[in-house]
Structure formats: C-alpha cells, structure tokens
There are 2 protein chains.
Amino acid sequence: MSSSARFSGVTIQNRRERERAERHQLIIDAARDLAEAEGWDAVTTRRLAEKVEYSQPVLYSHFKGKDAIVRAVAIQGCGELARLLRKARPSRGESRLRAAAEAYLEFARRRPALYDAMFVQQSDIPWGTDEVPQELLDAFGELVAAVEPVRGERDLEALTEVFWSSLHGIATLMQGGRLRPVHDETRLDLLLGALSLAQHEDGL
Amino acid sequence: MSSSARFSGVTIQNRRERERAERHQLIIDAARDLAEAEGWDAVTTRRLAEKVEYSQPVLYSHFKGKDAIVRAVAIQGCGELARLLRKARPSRGESRLRAAAEAYLEFARRRPALYDAMFVQQSDIPWGTDEVPQELLDAFGELVAAVEPVRGERDLEALTEVFWSSLHGIATLMQGGRLRPVHDETRLDLLLGALSLAQHEDGL
DNA sequence: CGAGAAAATCTAGCGCTGCTAGTGATGAGA
DNA sequence: TCTCATCACTAGCAGCGCTAGATTTTCTCG
C-alpha cells in the first residue's frame, strides 16, 4: 500500500520533472531561435512566452529572469562551439590552427546572436576559476589544442588567450561592419602567419 | 533701418545657434558622464533630461533619438582615442607598436562605457567607405602609423586591422572578465612579439 | 466516485523605458 | 502695445521586465 503509493508518487514526480525539463529546454530553444531570427531586442518575455505557448510567469518559474535565460542559451552555445571546433580537422596542407580559426569565425558569422550572448553581452557567468561551466572549458580546451602545435617556448594558456582574443576581435568588428570585407582573407593569413612564425623563430 | 533690423536679427540668430550648440554638447557630455559613472543602462532619456535640466522633448529637438546621442558620444570618443594614440610616444627601448597598444588598452580600461559605445554597441555609424566620421579615420590612422614600422612586406591596412582586432578582442574579453589577469603582461608581449617577429622573418 | 488539498498556471498590474502630440509661455518685430 | 512664431513643457502611449493574487487543473484519499 504505502509502497505502491510511494511508487506511484515517484513516477508522477518523475513525469513532472521530465516535462519540466522539456519545457526548460523548450524555452531555451525558443529564445535562441527568436534571437537568431530577429536579434536579442526582439526577445521579450512576452514574445517568448507566446512562442512557447505559456504565460509570462511560467518563464520565471524556470529562470530567475531574462538574464538567466540568455545565460542558459549562451552556455549551450559554448557547447555547440566546442563541438564544432572539435569536429574541425585540418584538410590537407592546412594547419590545425587555421582549421580552428576558420571554424570559430564561421560559427560567429553564422550565429551572430548566439555568439553575442556567449561573448559580447555582459553576463554574470563565472569566468573566473570557480564554477566555470564545462561547456566553456571544453571550447577553450579546443582552442588550446589548436594552438599547442605552434606554441614553441611560449606560455600555452596565454598564447591561446591571444589567439582567442584576436579571433574574437575579428568576429565582433566584422559583425559590426567595422572591417573591410576585402581584407577578410589576408587578415586571417596575417594573423595565422604572425602567431606561427614565432615558432619558426624559436626553431632556428 | 532694414539693415539694422537685419543685423539685429542675425545676431539674435547667432546667439540662438550658439546656445543651441552649447546645449547640444552639454547633452553629449552629460550622456557620456552618466554612462561612465553608472553604465549605459542608467542613461535613460528621463535621467539625461534631468541632468541637463531640461525636459525630455528637448533631447529630441537635438537628436533623432537615444541612439543618435550614443552615436555622438561614440564619435567624440574616437576623437579622444585618436588624440591619446597620437600622444603615445614610445619610451626608450619601447617599440611604437607597444606604445600604441598600451595606450589603446588603457583607454579601453579606463573608459569602458565610452569604449562600449564606440566599438561594441552596434550602431549605424557608416564604417564603410562613405561618410566615415573624421575622428574614426584619425584613430585608425594612428594605428596604421604604429603598425607601419613592423609591416615588412605585408599589407599595411590588413595588418593594422589584425592589430586593431587583437587589441579590441583583448579589451572586450578583459572587460567581461573572460581573460585571466595573471596573463595580462604575457598576453601583450606575445601579441607584439608575434606581429613583429614576422618582420624579422622578412628581414632574413 | 467525489471532496479537499496541493500544485501549476493565468490575469492583471507596477514602475520603468523610448518617444511624441498637443498645450502653454516667452520674446521678437510691426 | 499687439501679434505671432518659436520654444519648452505637461501628459500620455505602447511596450518592457517582473510579480502578487486569483483561478484552474491535478492529485490524494475517504
């Protein structure tokens, strides 16, 4: 009796938790889709609620506020970027560094809103050493792996930060239309050359 | 008579235009100050109007909207950055590239809100070849001048874009707390080294 | 099966935002 | 001094993030 009751209670709770988790993800997906389609300005709690076919307060039973939703989108975006970078293997004659750079920039170009949430909009994601989401570490780890072959004697982590910063700068300035499209190719060539040549120097 | 009347009318018009111009600048300054003190979120048309001691609609008789005010702040910020870069002369044993990089990063660090308006927030400032504000050209010109000594055989404009992008990436990622402060020095050393070493290579 | 408890969801509204239409005061010119 | 244009204001709109309280739905148990 009590056992059956408890069992029944547990399964119902399980179903509820499952449905809750599904809706949680539904909200994240809807926010990301809406942002990618019309920009983050269009992502209002009202429109988002309408899109998931619930009323506004439901959003707040899942997330502390709009910022938390954006943060969730950003973190999942980091996971996606990490996956893309891991998949980006250099084709013949291409350096791993270049493959990673091109994958990174293509991600930023094809998902500008997602990229914005991840690296442009300020958020209270803990980037300091404590409690960094795993997705972030994964993405950065992929960059580290791409930089490693050209590190030479240089500090690997700092060099990766330079690589990342350069890519990030290029991505955001391009997105804002602040760089000349004419130089797109040359720019990347120069960056990769600069970062790699130092190794030649070391090797001599 | 008619001449005196016309004369009087002209001076009155002059005074009005002068007062208008002063108030125009007053609004820009107030917006910049408020943004630097409390961030752009705190810059609302109401607070801004209160600060300049006029009612809201006055703002709209000077600017098309809030975006236009931010844009005006951004453009003047570019002028300031250009001035700072021009003033940044390398100390003994320091490359001009390093002097420019340090001046740029210090500007971004000390005036984060201003920097944001200039290079982070998307605006419809025409960065394409047509009608770019002179302040922008000046600032970029200073960067070009700093890069020139290390260009080697490389495309000067593209190389400057790489330099700028890297600085911009470092500035924004630092501001967002996404880079480790431990590497601040090393990071810049690595970047400058990478951009300069290629010249050595060319020189060999 | 039906009553009561519990949980989930909605309606309505607060104070804020950027922005503007229409009103009233101020000062120049005849 | 009177007229009129210019200027700046008050008041208000629609939409924002967010939340308190009412309401509906769902589950438990006699």
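Each value in this text was obtained by applying a stated rule to the coordinates, not by laboratory testing. Nothing here was measured: the structure is a model prediction, and the numbers come from that model. Because the Cβ atoms are built from the backbone with ideal geometry, glycine has one as well, and the counts that use them run over all protein chains shown.
Once both labels are modelled 7 Å past Cα along the beta-carbon direction, what's the B:ALA37-A:ARG15 spacing in nm?
Between B:ALA37 and A:ARG15, the simple spin-label model gives 5.9 nm.
Can you pull out the GluC sites (Glu not before Pro) in the range A:9-90 whose DSSP state is coil and whose Cβ has at most 14 other Cβ atoms within 10 Å?
Filter output for the range A:9-90: A:GLU53.
On a straight-distance basis, which lysines could pair with A:LYS66 in a cross-link, Cα separation under 17 angstrom, same-chain partners fewer than 8 positions away excluded?
Here the lysines satisfying the reach criterion relative to A:LYS66 are A:LYS51.
State the residue of chain B whose Cβ is nearest the axis carrying B onto A, and the distance in whole angstrom.
B:GLY169, 2
With unit charges on the beta carbons (Lys and Arg positive, Asp and Glu negative) and the dipole taken about the Cα centre of chain A, which residue among A:LEU188, A:VAL70, A:MET174 sits farthest to the positive side?
Among A:LEU188, A:VAL70, A:MET174, the one farthest towards the positive end of the dipole of chain A is A:VAL70.
Restricting to Cα atoms and excluding each atom paired with itself, what does the Kirkwood estimate give for the range A:38-128 in Å?
14.9
In chain B, which helices (entire DSSP H runs) extend 15 Å or more along their own long axis, judged by Cα positions, while averaging at least 0.0 on the Kyte-Doolittle scale?
Flagged H segments are B:66-87, B:134-147, B:156-175.
If we sort A:99-110, B:83-94 on the protection proxy, mean other Cβ atoms within 10 Å, highest first, what's the order?
Listed from highest to lowest mean packing, they are A:99-110, B:83-94.
What's the magnitude of the charge dipole for chain B around its Cα centre, counting Lys and Arg as +1 and Asp and Glu as -1 at the beta-carbon? Answer in Debye, nearest 20.
Computed charge dipole of chain B: roughly 840 debye.
Per residue, what volume in Å³ does the convex hull of the Cα atoms of chain A enclose?
Enclosed volume per residue, from the Cα hull, is 168 Å³.
Can you list the distances in nanometres, one decimal and ascending, from the A:ARG46 label point to the identical position in each other copy, with the point 7 Å along Cα to Cβ?
Label-point separations across copies, in nm and ascending: 1.8.
If each DSSP helix of 4+ residues adds -39,500 (n - 2.57) and the sum is divided by the residues in chain A, what number results at 222 nm, nearest 500 deg cm²/dmol?
Taking each H run of at least 4 residues, the total per residue is -24000 deg cm²/dmol.
Placing +1 on the Cβ of each Lys and Arg and -1 on the Cβ of each Asp and Glu in chain A, which of A:ALA88, A:ALA42, A:ILE27 has its Cα farthest towards the positive end of the resulting dipole?
After comparing all options, I get A:ILE27.
Counting residues in the range A:103-163 as N, plug N into 2.2 N^0.38 Å and put the Cα Rg over that result.
1.24
Averaging over every viewing direction, what projected area does the convex hull of the Cα atoms of the protein assembly as shown cover, in nm²?
Quarter of the Cα hull surface area: 29.6 nm².
Taking a point 7 Å out from Cα toward Cβ as the label site, list the nm distances between A:GLN134 and the same residue in every other copy, smallest first.
5.8
Would you kindly work out, in nm and rounded to one decimal, the distances from the label point of B:TYR60 to those of the same position in each other copy, ordered shortest first, with label points 7 Å along Cα-to-Cβ?
3.0
For A:113-125, what's the mean count of beta carbons from other chains sitting within 10 Å of each residue's beta carbon?
That average works out to 2.
Pull out the extension gain between B:ARG89 and B:LYS66, defined as 0.36 nm times the separation in residues minus the alpha carbon to alpha carbon distance; nm, one decimal.
Taking B:ARG89 through B:LYS66 to full extension adds about 4.6 nm, to one decimal.
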